[in-house]
């Protein structure tokens, strides 16, 4: 037996997307030694897929914008199930986080005055998204990656070793978060390249592993979105909040089959793209919910005028929040008014000249031209909903991103819950990563002022080792690829955009069955870069996530944001006041209700009472928020 | 609808390996990465391949397809003749780890050698003002998805391991060019260090890198040639040479 590879750091950051890298920068700037774990190569994280932009109320394009307007939009988008404090911190701090990227070398598109340009997006009252064409996520991750390198160069000058304070461990999977005496002590994992095991001793661990899309059949997420952080947190004793809320992005590619689910950025609609059904009808006018009637145009003429004069016209309904648009498309297709391949049409070719489309939406043009043989400057795209983002996630303290219930554990970015309520607005994700990534780094630094090293015990190491060895010791067991495909079929059919009680019950028992069989997964081949082996662990995580989602969805007897129940079609005030908290007892996921923190008076006062009447009971309104 | 495709896959590791023939189903509209995944799920559970986004945005699934450096997720099976065998092999310029996966750490080491962006000390966050036209030059290079196909195809290092030490490669020439053209970057001498420390002079502009770039970045025309020209200008312009001596300027601005 070769000697176990061991590393010791102050802070371990699991995940190298926007949130993880921002957290690492903050912890390093606080003087700590930081290890960054990426499951893939450095700079490939799913953040690169974010296209539209990063929402921050800088007011560069419309100076009526400010944090309060952004806060209101975020709460509205989340149907008032957001943790108010997270939405508040996000709205207040987002502009600073964007400007900071510029100091680190980011090059956003500009306004005529030379400021950072901002574009319109669904649910945002003013043009608010800082962007670089339609590759904003790439700019963000590259800037963060290069910021890490800049800090490493600084350490090289100061300490003679570029990796003395911040080291990136690429292509490494974490399989367990370790605890001693009730507190985090480190993490255990393996190098994907060799299969060799690694122990990280670190008293603070920040989870920034992103989403869970690969639990579903049609998704915009890459293979990495397997809910690793959600599952690691659950297994280490943390809670997940509101896992029933999944965002189905309204516009994924639908044809050819091999690209089904790949994202078509909301910027296509922000730039004037319209949605039509097979009959050529611009159908979104039929789907404006009452709560949004004041803000959205109910006729084509006004919707079209909005592109030229936003102060005197209401917005086109194509720019409703994502949950509304996804449901509308779903309804059109189910009613038989869909396209040949089960989508609807999205057309920007009639609004903008070809050259402008290629300039503002270059990667969309490229993606459709190369993968679908469609020239979007001349013809419409076929689009349909795709699983895109999970609003639910690790229950955290808003100010320091500390995971509730596990000292030393922090979570930021998509893996954390609460910020987006029942539905996330486009553009709020990239700034969420930056705002709460930074806060997680600060939170870890503060925690370490009062908590020193917490050595890992031999027993913990033995247990983690045994878990990794197990699939190789079995012969003729289940194939992880087939089990994954079965799970995706179940979630797609039974826990998808539209849900019912009987289907959810069915899903829960089927997921439990797969979980039983997954205990018998066998792996062929050796440990060296073996995807079948990797998937065996990812599958374990996805099963816990799917169980949590299905169980939370069964309990929530209403439709809100990213959770639609056919048997309970409307919003219900009772449920707006409740979060669903998932925990894991070692055998199964248990879900309980917990009261949602009440909006304090000063934030309550930012809303028009008539708007709140659509969401709240008269008693709540009479109270006017908490003190 | 499905038809059979003859796929030839290189399998092995750093010590040994060989091409293996397989037959696999292929459906309309599929890309090479789709059929590799199908082989993985049905015939070779431990076949190693890197991939992430499957949409041409992350640059992970770089490999050589019929000898050409390409992204497997952006290569349509239909772009080859139906009876043609498609051969997939790992990137040749980098050491093989296993099957289609190579050790690309060379690139991350080079990235650490390029001095970072340097923001003007007196320019507070939020105060930067830049014209769109001025940021566009650098933005072209920031489209780079780091697939390293340009590095793989570059003949300076493709079959010349010995050159790797002194040659950063096209990906990092556009990184230097991007910083050099950044309207606010304060670090001087970027072109000169490109020439003296990162091997710009070893490039003889055959444009192979530009040809394989999936982002269509004009690496040679817009980054390498302008930097080479300026380096030459300054080095051989007697007036500037004299000026640099008299005013003791620290090289090229």
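Throughout, read-outs are computed from the coordinates displayed, never taken from laboratory work. Since the model is a prediction, treat every value here as computed from it, not as a measurement. Positions of Cβ are generated from backbone atoms using ideal geometry, with glycine treated the same way; all protein chains shown enter the neighbour counts.
Here are some notes:
- Calculated FRET efficiency for the pair residue A:608/residue B:123, C-beta based, R₀ 41 Å, to 0.05: 0.55
- Sequence-distant contacts, meaning Cα pairs under 8 Å at least 6 residues apart, place the relative contact order of chain A at 20 percent.
- Average other protein chain Cβ within 10 Å of Cβ, residues A:98-106: 5
- In terms of packing, defined here as the mean over residues of other Cβ atoms within 10 angstrom, the peptides A:481-488, B:22-29, A:434-441 line up highest first as A:434-441, A:481-488, B:22-29.
- Shape category assigned to the range A:1-151 from the gyration tensor of Cα positions, a/c cut at 1.5: prolate
- Distance between the pseudo-spin-label points of residue A:587 and residue B:6 (7 Å out from Cα toward the beta carbon): 5.7 nm.
- Nearest 10 degrees, 0 to 90: helix A:322-334 Cα axis against chain A principal axis: 70 degrees
- Cα-based shape type of the range B:40-106, given that a ≥ b ≥ c are square roots of the gyration tensor eigenvalues and the cut on a/c is 1.5: rounded
- Residue A:618/residue A:66 FRET efficiency (R0 22 Å; Cβ-Cβ; nearest 0.05): 0.15
- Spin-label model, residue B:204 to residue A:601: label points 7 Å out along the Cα-to-beta-carbon direction sit 8.0 nm apart.
- Angle between chain A longest axis and helix A:458-473 axis [Cα atoms, degrees, rounded to 10]: 70 degrees
- Full extension of the segment from residue A:594 to residue A:356, taken as 0.36 nm per residue of separation minus the current Cα-Cα distance, would add 80.7 nm.
- Beta-bridge orientation, the protein assembly as shown: approximately 70 percent antiparallel, per DSSP, counting only bridges with both partners inside.
- Shielding by partners - mean other protein chain Cβ count within 10 Å, residues of A:363-374: 3
- Legend: mean number of C-beta atoms from other chains within 10 angstrom of residue C-beta atoms, peptide A:127-137, equals 1.
- Prolate/oblate/rounded call for the protein assembly as shown, Cα gyration tensor, a/c under 1.5 rounded: rounded
- Helix-only [θ]222 nm of chain A, DSSP H runs n ≥ 4, -39500 (n - 2.57) each, per residue, nearest 500: -11500 deg cm²/dmol
- Angle of helix A:362-371 to the longest C-alpha principal axis of chain A, folded into 0 to 90 degrees and rounded to 10: 80°.
- Cβ-Cβ FRET estimate between residue A:334 and residue A:290, R0 fixed at 22 Å, reported to 0.05: 0.50
- Placing pseudo-labels 7 Å out from each Cα toward the beta carbon at residue A:557 and residue A:154 gives an inter-label distance of 5.6 nm.
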